[in-house]
Amino acid sequence: MPLADVAIRKAKPTDKTQRLFDGGGLYLEVAPTGGKWWRLKYRYGGKEKRLSLGTYPDTGLSDARAKRDEARKLLAAGVDPSVQRKAEKASLADRTANTFGAIALEFVAKREKEGLGEKSALRARRWINKDLASLRDLPIADVTASVILSALRKLEQRGVAETAHRARGFIGQVFRYAIATDRAERNPAADLVGALEQTKTKHFASITDPAKIGKLLRAIDAYTGSAVTVAALKLAPLTFVRPGELRTAQWADIDLDAAEWRYTATKTQTPHIVPLSTQAVEILRELRLLTGRGQYVFPGVRSPQRPMSENTVNAALRYMGFDRETMSGHGFRAMARTVLDEVLHFRPDYIEHQLAHAVRDPNGRAYNRTAHLAERTKMMQAWANYLDSLKAGGNVVSIKRRTI
């Protein structure tokens, strides 16, 4: 005889466990302590099994019957309800663990071990916990392009469109990491290219006049900071890599005998080769005596297990009297691009390759890292020689702007 709510409410505990049957394998188990549990008795694979369906009164009679009917449908389809429940719990736990916020924090922690600066790490965590808080607790599978755009629109409405673009880039990095670790299938942030407000291009301060470059190089030679900082300042114009790539350089990536530095460019995530001039090799050989036993070419002051601070080069430039409107660590790239083109007249594609920009062939395919390597090697040596001549105060050729 089926159970009734009145009978369930009146059921009193005894010194033994009671079972009040409803039908179809469903029964209410009343424990001596007074607790009441819904159970389903069923057979699967020739074995008798039981499945918990909740406690009374949180789960009422009608709800228990509905759960029983769902379980019996699974049995009819050849599925064990207990196994199905375990799978659902595992899936829920996986989705909870794989939220956008959890994966993003894991990615930031990984980047910190690889040399991400303290300020960059703090900025990333601020995005996760504040600006991108609407994404933080979502399973990464539920973070779609429209959800991302909604979060970024709030940044635009605050008048910080550039931050919105940077945040979109960070989200893309998180998704690429999630794809690599098999927790996402695609990067929806890539669908938002062109969807955000365009920002005004802000150029990094740079010295491009040859006479002023010579003055800067002489100031670097006279700088009395730490040997590591001096070496970084001297290599910055010789290699003109991105500041983050310079300060996180690792000895394992540098072959002084081959005069090459090979690493993955941070912006394009593509393999890159920097041919090292004889001047650059000499600086690195001297520095290796000081830092060569560690991982980083330019280790931090506080810990050799971390790279140099991201502000070290800029701080040294300020100390030497070059303010932020005059020169920056990133400005060595603009310096090289301008002078190599307009004074030394090297081919623009050689220069772009050496800047680790995404240069493509006539068919739209990206060139590999060895493209024009012999020519770029000659260019880097000619550039180093030219810088030496500027530092010595000679061979100063003014830049003449091309007319169109």
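No lab work stands behind these numbers, since they all come straight from the coordinates. These numbers were taken from a predicted model, which means no experiment stands behind them. All Cβ positions, glycine included, derive from the backbone under ideal geometry; neighbour counts span all protein chains shown.
Hey, if you put +1 on the Cβ of every Lys and Arg and -1 on every Asp and Glu Cβ in the chain, which of Asn311, Pro32, Ala232 ends up farthest toward the positive end of that dipole?
Checking the options against the dipole of the chain, the answer is Pro32.
When Trp37, Trp261 are ordered from fewest to most other Cβ atoms inside 10 Å of their Cβ, what list results? Can you show the working numbers first?
Numbers: Trp37 17, Trp261 23.
Result, fewest neighbours first: Trp37, Trp261.
If we sort 310-318, 150-158 on the protection proxy, mean other Cβ atoms within 10 Å, highest first, what's the order?
Highest mean packing first, the order is 310-318, 150-158.
Which distance in nm do the two modelled labels at Ser303 and Glu112 give, with both placed 7 Å along the Cα-to-Cβ direction?
0.8 nm
May I have the count of lysine pairs in the range 83-178 with C-alpha atoms under 29 Å apart, counting pairs 8 or more residues apart or located on different chains?
On the way: Lys89/Lys110; Lys110/Lys119; Lys110/Lys130; Lys110/Lys154; Lys113/Lys130; Lys119/Lys130; Lys119/Lys154; Lys130/Lys154.
So the count of such lysine pairs works out to 8.
Out of Ala121, Val108, Ile171, whose Cα points farthest toward the positive end of the dipole of the range 100-192 (charges: +1 Lys, Arg; -1 Asp, Glu; placed on Cβ)?
Looking along the dipole axis, the top candidate is Ala121.
Toward the positive end of the charge dipole of the range 225-307, about the Cα centre and with charges on Cβ (Lys, Arg +1; Asp, Glu -1), which of Leu289, Pro299, Pro275 goes farthest?
Projecting each Cα onto the dipole axis, the largest value belongs to Pro299.
Summing +1 for each Lys or Arg and -1 for each Asp or Glu, what net charge is found among the other residues whose Cβ lies under 15 Å from the Cβ of Lys16?
Surrounding charge for Lys16 is +1.
Only helical DSSP H runs with n ≥ 4 go in: add -39500 (n - 2.57) per run for the chain, normalise by residue count and round the 222 nm mean residue ellipticity to 500 deg cm²/dmol.
Calculated mean residue ellipticity at 222 nm is -14500 deg cm²/dmol.
[x] 1.22; [y] 1.05; [z] 0.95: which one is Rg/Rh (Cα atoms, Kirkwood Rh) as calculated from this entry?
[x]
Could you compute the net charge surrounding Ala219? Neighbours are other residues with a C-beta less than 11 Å from the C-beta of Ala219; K and R count +1, D and E count -1.
Its environment carries a net charge of +3.
What's the magnitude of the charge dipole for the chain around its Cα centre, counting Lys and Arg as +1 and Asp and Glu as -1 at the beta-carbon? Answer in Debye, nearest 20.
Working: 67 positive and 44 negative charges, 254 e Å.
In debye, rounded to 20, the chain gives about 1220.
Please state the charge dipole magnitude for the range 100-192, taken about the Cα centre, from unit charges on C-beta atoms (+1 on K and R, -1 on D and E), reported in debye and rounded to the nearest 20.
My answer is approximately 300 debye.
Net charge around Leu61, counting only other residues with Cβ within less than 9 Å of its Cβ (Lys, Arg = +1; Asp, Glu = -1)?
-2
Take His345 and Glu88, extend 7 Å from each Cα along the Cα→Cβ direction, and tell me the distance between the two endpoints in nm.
Reported label-point gap for His345 and Glu88 is 7.7 nm.
So if we plug the beta-carbon distance of Asp63 and Lys119 into 1/(1 + (r/R0)^6) with R0 = 45 Å, what FRET efficiency do we get, rounded to 0.05?
The value I calculate is 0.25.
Rounded to the nearest 20 Debye, what is the dipole magnitude of the range 5-92 about its Cα centre when Lys and Arg each give +1 and Asp and Glu each give -1 at the C-beta? Walk me through the numbers before you get to the answer.
Numbers: 20 positive and 11 negative charges, 47 e Å.
The calculation lands at about 220 debye.
Working out 0.36 nm times the residue gap between Arg50 and Gln250, then minus their Cα-Cα distance, what length gain in nm do you get to one decimal?
Values: separation 200, 0.36 × 200 = 72.00 nm, distance 5.93 nm.
Between Arg50 and Gln250, full extension yields an extra 66.1 nm.
Extension gain Asn129-Glu162, at 0.36 nm per residue separation less the Cα-Cα distance, in nm?
Once the chain is fully extended between Asn129 and Glu162, it gains 10.0 nm.
Extension gain Ala31-Ala227, at 0.36 nm per residue separation less the Cα-Cα distance, in nm?
62.9 nm
When a footprinting reagent is the concern and you count Cβ atoms within 10 Å, what order do Thr248, Thr17 take, fewest first?
Working: Thr248 23, Thr17 13.
Going from sparsest to densest Cβ surroundings: Thr17, Thr248.
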